[in-house]
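Colleague: I'd like to ask you about the structure that follows.
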């Protein structure tokens, strides 16, 4: 370790019961009450599967020598038998995504209870299968092979008959083994024994037909229907993903030390850190990465409650496969357990991280290019109680010259603070329409909360419609609407599984209905959509609550919030068809990234919550939840000092979603309430973010196109650097910026590892001091309250906007500056994306500019690659080149326009000490090709 030292420069409720419930819910403790949530031992199906004795021969493949591909030659179907129960299951293996992914499904045959299949709801439409062939077929099994033309490799699955097992290869590398440990389990549907009747089934002996937790009884009318499977990642020491948990980025081993990681969307009040405990969302994708380099993923498509065990093992591969020479490799052993549903597994075969991101995006979609205001700074708290308060926030942001793009309203804006959504308080917000229009005129947006719970009160038009039209979820035992308690008191919940409900909900977002006037433009925050039910078991809806077609809530729990936000998105597109929506959601599932941004929920204003934020955001980002952030300053509790607020704003500069939020009982904490020094520090952080918005916006465009997250782990860009595998206190923004923020109290020194590419030199530049550091080393920096450790990678060109504006929308046509940091070969590349920042014209009319910068041989060449050259008026204001060796004699602009003008001379300044060249006002546009030659 090379430690060098340097210094940075730079509503009230209406009944006694509701009051009691709300007081209990809002009572501040320093940690979550874990007794409100089940452990694996308290969950019947988790306990049964976790305690299942390994038995590889439990399942066998039938008639393997006679299996042929299905008629389309793109899948193969076969049957599996559980020798313990005698039950036969139908299985299918399919190749999809041009041979880059395999899909494996198992279901019961002719079961009276059809298992819920979420495929049509969450998968992208028209996922194309790929051609497969069967090779090496015998009584011992067969091999399925497909060609991945993009990566020039053959991928294959070896299906072993007895015991049943899948060996999955990415190219020539064995990467995953399914059922290697014999934990495959599939509890078949069975009839409930009558009183006095002996149960002929012996595979379930505990909590099979009824389960009670903290006084709530789950009737379990369909009995035990769980499933489990073990998957071994071969040759991997680290696995990542499966959000949402407040834990390290590299997932911990759980077997024998703690509960499995749990995926059961829940309203966890004041959540624990470094815990496998469930939180608000679920994305069951696990990604494994090694420095070979190799990256693969496993997606488990099941929206019911799921637990995942992890353990490490160094196993001789020869002990797994008889046809391989024994070779010791690190492995990750995982065990996936779900309460009900189908077994539906996707094996994403990479082979690189960017390939896995793309494959995931092809399956479940990518984050659509957001309106540019939504990646600006958001100001929120629970609550701004009047239009006067809202406009005061707006005015003070301008007074103190702090960029801001939106102001948020929490639940108290509703009529008489009743939490009747799609209403507003006409007394406290008497200037409702002019307030909204005033914000819009400044490029700002009002964002209001709309939760799924509806106040159960006759005369509230939303409730009356939903109740009279049968649009609500049903009680488990009686043919009546399910009733629970949430913010409004007695509440009911729309059944978003019902397509008619989703259509009804979407029509509520007609601006004439809400905010209530033609042309009223606001955006939305869908919270409490796990769903949160204060009176429910585990603070959510009962598992036996019923949806359309008698589907139990347990079958769809983790997609309830997804279905709600999809309905909101559809409504905004229907009624504002050319205006890009912005929706924030707390709950999510795979596919949510297509419609919403996500935040990490109710964090605390504590140093340890600040410190874990990067790990949590990385875990979301790599699985596709890329528009992700955390409440700046922490939601709960008052900040202990101004220092923590300064550090939180600094650390969040490059979070994709950048919002300050605070609890009702906290002191006001807008930037201007603090001392002048703190206010200036916060303003500096916000302005730094705004200066990099052109780069961030370009990354969001590439995210939409390719699935690459803007917020990235270091190993994604430096896949062979072993020191990056566990780093979760620093992150990349795109491929060219590394940020290692200060996350500890009163820190004086900070150790930062700057990675390097294999077989090439990598250098890093401090973007404020322009000091340059060699990659592949750890440095010790002296830091103070002003330190913001941002580094630019050598060989990169980053577009910026240096002119401060009050909002991002107002800057979309403002001039661009380029920051170029040359590599050791004297070259650099970069890109730019420009459009109007608001509409779908970039899709519908090709109204955008996408261009490429290439600096080589003392020439900066810009190529307009695609779009409409007249769709944006931004021009090039300044170029800064770091690493230029000596003062040039002259600099010429060669404009390749149709009239072929003569070369023009450009003004410049050179700093010999910093080897920095600044070129002033080339004043060229980005819709045309040009060159700048340095002589």
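Since every read-out is calculated from the coordinates, none of them should be taken as a lab result. All values reported here derive from a predicted model rather than from experimental measurement. Reconstructed Cβ throughout: ideal geometry from the backbone, glycine too, with neighbour counts over all protein chains shown.
Colleague: From the gyration tensor of the Cα coordinates in segment 589-699, what semi-axes in whole Å does the equivalent ellipsoid have, largest first, with each one equal to sqrt(5λ)?
Modeller: 24, 17, 11
Colleague: Right, another one. Cut-off is 10 Å between beta-carbons; in what order do 513, 461, 557 appear when sorted fewest neighbours first?
Modeller: 461, 513, 557
Colleague: Moving on to the next point. Once you sort the root eigenvalues of the Cα gyration tensor of segment 42-364 as a ≥ b ≥ c, which label holds: rounded (a/c under 1.5), prolate (a/b larger than b/c) or oblate (the other case)?
Modeller: Oblate shape, in that a/c is at least 1.5 and b/c is the bigger or equal ratio.
Colleague: Moving on to the next point. When averaged across all projection directions, what area in nm² does the alpha-carbon convex hull of segment 468-567 cover?
Modeller: 6.8 nm²
Colleague: Once you keep just the Cα pairs under 8 angstrom separated by 6 or more residues, what percentage relative contact order results for segment 42-364?
Modeller: 18 percent
Colleague: If you don't mind, there's one more thing I want to ask. Just to confirm my numbers, what's the Cα centroid distance between segment 360-416 and segment 858-874 in Å?
Modeller: Cα centroid of segment 360-416 versus Cα centroid of segment 858-874: 32 Å apart.
Colleague: Starting with the highest mean, order 624-633, 330-339, 76-85 by the number of other Cβ atoms within 10 Å, averaged over the residues of each peptide.
Modeller: 624-633, 330-339, 76-85
Colleague: With only alpha-carbon atoms counted, please give the Rg and Dmax of segment 829-935, in Å.
Modeller: Cα only, segment 829-935: 15.2, 49 Å (Rg, Dmax).
Colleague: Return 664, 708, 618 ranked ascending by Cβ neighbour count within 10 Å, so the fewest neighbours appear first.
Modeller: By the 10 Å Cβ count, ascending: 664, 708, 618.
Colleague: What whole-number distance in Å separates the alpha-carbon centres of segment 570-627 and segment 746-782?
Modeller: About 30 Å separates the Cα centre of segment 570-627 from the one of segment 746-782.
Colleague: Going by a ≥ b ≥ c, the root eigenvalues of the Cα gyration tensor, does segment 487-638 fall in the rounded group (a/c under 1.5), the prolate group (a/b larger than b/c) or the oblate group?
Modeller: oblate
Colleague: Calculated from DSSP H runs of 4 or more alone, at -39500 (n - 2.57) each and per residue, what is the 222 nm mean residue ellipticity of the chain, nearest 500?
Modeller: The helix-only estimate for the chain comes to -5000 deg cm²/dmol at 222 nm.
Colleague: Using every alpha carbon pair in segment 766-857, what percent of pairs falls into each 10 Å bin from 0 up to the bin containing the largest distance?
Modeller: The percentages, shortest bin first, are 13, 32, 31, 19, 5, 0.
Colleague: Shifting gears a bit: Starting from 0.36 nm per residue, how many nanometres of slack lie between residue 667 and residue 824 once their C-alpha separation is accounted for?
Modeller: 51.4 nm
Colleague: Based on the Cα coordinates of segment 682-728, what is the per residue volume of their convex hull in Å³?
Modeller: Each residue corresponds to 96 Å³ of Cα convex hull volume.
Colleague: Right, something else. Give the span of segment 717-934's Cα atoms along each principal axis, as three whole-Å numbers ordered largest to smallest.
Modeller: Principal extents (Cα only, largest first): 56, 45, 35 Å.
Colleague: Consider all pairwise Cα distances in segment 768-816 and report the whole-number % of them above 18 Å.
Modeller: Looking at segment 768-816, the distances longer than 18 Å represent 53 percent of pairs.
Colleague: Report, to two decimal places, the Cα Rg of segment 696-813 normalised by 2.2 N^0.38 Å (N = number of residues).
Modeller: Rounded to two decimals, the normalised Rg is 1.14.
Colleague: Which order do 294, 74, 667 fall in if you start with the one that has the fewest other Cβ atoms within 10 Å?
Modeller: By the 10 Å Cβ count, ascending, the order reads 667, 74, 294.
Colleague: So what's Rg/Rh here for segment 161-317, counting alpha carbon atoms and using the Kirkwood radius for Rh?
Modeller: Reported Rg/Rh, Kirkwood definition of Rh: 1.02.
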